[in-house]
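Every number in this text was worked out from the coordinates using simple rules, so none of it is lab data. Remember, it's a predicted structure, so these values are computed and weren't measured experimentally. Cβ atoms come from the backbone with ideal geometry, glycine included; neighbour counts cover every protein chain shown.
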Number of protein chains: 2
Amino acid sequence: MRAVVPFDAADPKTRLADVFSPAERRAFAAAMLDDVLDALASAGADPTVLATEHVDVDAPVTVDERALTPAVNGVLADSDDPVAVVMADLALATPTACRRLFEAPGDVVLAPGRGGGTNALVARHPEFRVDYHGVSLRDHRRGARAVGASVSEVDSHRLATDVDERADLAEVLLHGEGRAVEWLQDVGFALSVTGGRVEATR
Amino acid sequence: MRAVVPFDAADPKTRLADVFSPAERRAFAAAMLDDVLDALASAGADPTVLATEHVDVDAPVTVDERALTPAVNGVLADSDDPVAVVMADLALATPTACRRLFEAPGDVVLAPGRGGGTNALVARHPEFRVDYHGVSLRDHRRGARAVGASVSEVDSHRLATDVDERADLAEVLLHGEGRAVEWLQDVGFALSVTGGRVEATR
């Protein structure tokens, strides 16, 4: 399966600016990207990165300066085969979770992100297009139906957890198995419990 | 499979006090409990409620005034057969998600909750006991290993989503299929997008 991983190489993870320096944000985003590429390759996919500028990773990189939605739709329009689109900040992704995505039935497979996003998808219908603005999960459900594509959803906490904010770092510490969790631990993050809530602190 | 659903009948969902009146919290908690019981029964389980005081539901109720951990451990100590323990606020639970929990291998099966909780589990080992304080997922992983029990985890966004706070209500609106989402819609909640984030508002 062809798998495309969009990546903001210039200024990634802006919602973690209260936790990390700009250099740390870039390093952490790169570690997550590496983990996602590893999980996809181990699940038998052929991952490529779709980046806003050149990035140094162990996978082919296509540079497209457009915003996420038109860049991904460019890929979908150019492809005759099924394409997976997997976000670069799924630090909890495992080969097993990726295989569940690839093997789910349907012309369009959606892996919901917490908060109504679409963290991963498989497009097997030639007319399906993405729109990542707003509640994209709802829009993708509707968009698939509008072109007559059957839809299934993958129920995965690992794929639902895109790492955007401090609260998500606790999930990486709890469930991560790759470079992102190692990086977090190396810079001093650990789980702590404050007033019954679990947090990542350093 | 015997399935026990602990339920705080007196003052449920205190972290939703900024969203709901006390009467609304009780009604919403009861709707979620009904959804969980339905999903468990449809998945072939035999659900009972373990409540702090009597509650009017369509399932047998055992009243135990103790805190969650000792009450559940009382059930585990008294049972020779496998027991599932499933939280009452999993408003996204479906029969399919419950079957994945029941059918997972291992002496102890854990369904992680977002934030390090243990939203559902299956205990098939006579010595395994729970401790819901703190980062219970980590403690349950360790506790199972300490008694020589094999552990597996169920990767499910539906089971990972316990409905505790306002942000969780958006998940109910996005994915709910039962009484809880109906109740939310009836009292006027809908999804809205503010500054790129999805929220449940009324």
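At residue A:11 and residue A:78, where each label point lies 7 Å from the Cα along Cα→Cβ, what is the point-to-point distance in nanometres?
Result for the modelled spin labels: 2.6 nm.
Could you give each residue of segment A:55-68 its phi-based ³J(HN,Hα) in whole Hz, using Karplus coefficients 6.51, -1.76, 1.60 with θ = phi - 60°, and x for Gly or Pro?
9, 8, 9, 8, 6, x, 10, 10, 8, 9, 7, 5, 5, 3
Using helices alone, what [θ] at 222 nm do you get for chain A, with -39,500 (n - 2.57) per DSSP H run of 4 or more residues, divided over all residues and rounded to the nearest 500?
On the way: 7 runs with 74 residues, N = 202.
Per the formula, -11000 deg cm²/dmol.
Relative contact order for chain A: what is it in percent, counting Cα pairs under 8 Å that are at least 6 residues apart? Spell out each step's value before the answer.
Values: 393 pairs, mean separation 42.6, N = 202.
Relative contact order comes out at 21 percent.
Once you charge only the Cβ atoms, +1 for Lys and Arg and -1 for Asp and Glu, what is the size of the charge dipole of the protein assembly as shown about its Cα centre, to the nearest 20 debye? Spell out each step's value before the answer.
On the way: 40 positive and 66 negative charges, 25 e Å.
It comes to approximately 120 debye.
Give me the distance between the Cα centres of segment B:139-202 and segment A:1-54, rounded to whole Å.
Value for the Cα centre distance between the two parts: 26 Å.
Hey, got the Cα dimensions of the protein assembly as shown along the principal axes, in Å, largest first?
The principal-axis extents, from largest down, are 62, 45, 37 Å.
May I ask you to evaluate 6.51 cos²θ - 1.76 cosθ + 1.60, the Karplus curve with θ = phi - 60°, for each residue of segment A:81-98 and list the ³J(HN,Hα) values in order in whole Hz, giving x for glycine and proline?
Result, rounded to whole Hz: 9, x, 10, 9, 10, 10, 5, 7, 10, 8, 5, 9, 4, 10, x, 4, 5, 5.
Which values of log₁₀ I(q)/I(0), to two decimal places, follow from the Debye formula for chain A at q = 0.08, 0.09, 0.10, 0.15 Å⁻¹ with a uniform point scatterer at every Cα?
Each listed q maps to, in turn, -0.25, -0.32, -0.39, -0.89.
So what J values fall out for segment A:132-143 if you push phi through Karplus, 6.51 cos²θ - 1.76 cosθ + 1.60 with θ = phi - 60°, rounded to Hz, Gly and Pro as x?
Whole-Hz 3J(HN,Hα) from phi for segment A:132-143: 7, 6, x, 7, 5, 4, 5, 5, 6, 4, 5, x.
Under a 10 Å cutoff between Cα atoms, tell me which one of B:178, B:134, B:116 has the largest fluctuation in the Gaussian network model of chain B.
Checking each option, the largest mean-square fluctuation is seen for B:134.
Which value, in debye to the nearest 20, gives the size of the charge dipole of segment B:2-162 about its Cα centre, when Lys and Arg are +1 and Asp and Glu are -1 at the Cβ?
Working: 16 positive and 25 negative charges, 134 e Å.
The dipole magnitude comes to about 640 debye.
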